[in-house]
Amino acid sequence: MLFIHQLWINGESMKKTPSCEMINIMQIRAFCQVAAHGTVSRAADNLFRTQSAITRSIRDLEHSLSLKLFERHASGMLLTEFGKCILPRARHAIDELCAIPKIIASVRGKEIAGREFAEPIWLYNTRRLEVFMALFQVHHTQTVANMFHVSQPAVSAALKMLEKGAGLALFQRTPKGMMPTRAGQEIASNISRTLNELRHIPADIAASQGILRGTVSIGALPLGRTRLLPEAILSLLANYPGVNVITNESAFTALISELRAGNVDFIFGALREGVADITNEALFTEEMVILARRDHPLSRSTVSIEQLAAAQWILPRAATPARKLLSQAFGQLGIAEPQPLVETGDLAITRSLLLNSEMITAISSHQLEYELAAGVLVKLPVELPDTHRAIGLTWRQGALHSPAAQALLQAIRDVVSKYQPAPQETESYSLPATE
């Protein structure tokens, strides 16, 4: 729905450029309560609001979504199919905000075991949450004001309302700008996930009407993004042209942060062990091989241990899982880990160096399979022991995937199944949480 509408921060009008309207979190709160209690009167009593205020919130929410969420009966309010469709995500959004007071208490060092926390009414303002996230990202109040077409004092007032509710500072002024305090850092993921849940609601509704649309954001690690992921994306777009795909090629640590914030729907690539709060789905295993250009001196004969030790190496960056596996493999081969001339995780750099020098590398064959198929790169006849890695999908535990994300997940599974001979049953498991 494209439109220009007026929003307000602490009484100041804010004009938003044409976009998809962000759903009002107070209306979502009323919707969840009516769904839970079955009547407007009980919801009003529970929220300490008038029945007319609750009725108005539901009416306005239905108007903004252009559909009915409840059937009105003498016995109460019954959810329509559309209401049932959005209820899980609506509850997730509210639950994320209701978890924040406990986080704040933990930051302040107060005893929280078994303690009941008041509902965080100070967080139930969608625009205020958006201002928080914008300041969290750009660190400059005037820049945030320009983004929302308001004055700088309006942004500061919104921040003050949040800090008053939290009972402590969420940002501090530094030479680098307005930087989040520990409390601000701790609650940012919850706020981000709340906003992302709200953004997914229109796509959920469209999917219930047989229309798949929306945006899916995927963390693309090197393994799989040469052929498997592009093929899956092409399959997705061929079936659902209304979907947009965003890929994020950051390092795994950065992708995990984005995953926890809800900004990345899932990650595709080599699985990591010992990461808290994530679920892994292994799709296949891959081993590392040694590659060189077609006319490399080592490609014309058997390769000795001494030649490997003396070779010019391109290796993954230090401390990465691939580098650790290689270090163990070199040890089993009876040679010290080579001192690399180049350390990189960039495939374009690795490819160019291999084709234009006498360097060699150890890498998954999937990452440079087009060059191998074309014959410009070759595998050296050396087996690297115990370098098998599980490749698959990673997402946040308890995440509600958007319809577009679910479709891309299935497209990846389908593409992988085409290339894996007699695959074993896919294993889905949660890794133990670690600090």
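The values are calculated or read from the model by the stated rules, or taken from the named source; none is laboratory data. Since the structure is predicted, the reported quantities are computational estimates derived from the model, not experimental observations. For neighbour counting, all protein chains shown are included, and Cβ atoms are generated from backbone atoms with ideal geometry for every residue, glycine included. Side chains included, ligands, DNA and RNA excluded: accessible areas come from the protein's heavy atoms. Shrake-Rupley method; radii C 1.70, N 1.55, O 1.52, S 1.80 Å.
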message: Classify segment 1-191 from the C-alpha gyration tensor, please: rounded if a/c falls under 1.5, else prolate or oblate depending on whether a/b exceeds b/c.
response: oblate
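Hey, what number do you get for the chain at 222 nm if only DSSP H runs of n ≥ 4 count, each worth -39500 (n - 2.57), divided across all residues, to the nearest 500?
Per the formula, -14000 deg cm²/dmol.
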statement: With the dipole of the chain defined by +1 on each Lys or Arg Cβ and -1 on each Asp or Glu Cβ, the option from P101, I256, L291 whose Cα lies farthest towards the positive pole is P101
- request: Please calculate how many Å² of accessible area the chain carries per residue, with a 1.4 Å probe and no DNA, RNA or ligand atoms counted.
  value: 49
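Starting from the residue with the highest accessible area, list F82, F70 in decreasing order, probe 1.4 Å.
Correct descending sequence by accessible area is F82, F70.
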- prompt: Leaving out ligands, DNA and RNA but keeping every protein chain, what accessible area does T226 have, in Å² rounded to the nearest 10, with a 1.4 Å probe?
  reply: 30
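Between rounded, prolate and oblate, where does segment 285-387 land on the alpha carbon gyration tensor, with a ≥ b ≥ c its root eigenvalues, rounded for a/c under 1.5, else prolate if a/b exceeds b/c?
Judged from the Cα gyration tensor, segment 285-387 comes out rounded (a/c under 1.5).
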task: Considering only T361, T302, T55, give the residue with the highest GNM mean-square fluctuation for the chain, with springs between Cα atoms whenever their separation is below 10 Å.
output: T302
query: Does the chain come out rounded, prolate or oblate, given a ≥ b ≥ c as the square roots of the eigenvalues of its C-alpha gyration tensor, rounded meaning a/c under 1.5 and, failing that, prolate meaning a/b above b/c?
result: prolate
task: On a C-alpha basis, how far is the centre of segment 97-164 from the centre of segment 406-421 in Å? Whole number, if you could?
output: 40
field: E163 - accessible surface, heavy atoms, 1.4 Å probe, Å² rounded to 10
entry: 40
message: Once ligands and nucleic acids are excluded and a 1.4 Å probe is used, how much of Y419 is accessible, expressed in Å² to the nearest 10?
response: 80
- prompt: Among the DSSP beta bridges whose two residues both lie in the chain, what percent are antiparallel, rounded to the nearest 5?
  reply: 75
query: Within the accessible area of the chain, what % is carbon and sulfur when the probe is 1.4 Å and the other protein chains stay in place?
result: 52
- request: Rounding to the nearest 20 debye, state how big the charge dipole of segment 122-233 is about its Cα centre with +1 on each Lys and Arg Cβ and -1 on each Asp and Glu Cβ.
  value: 240
statement: So the number of lysine pairs in the chain with alpha-carbon atoms under 29 angstrom apart, 8 or more residues apart or on different chains, is 19
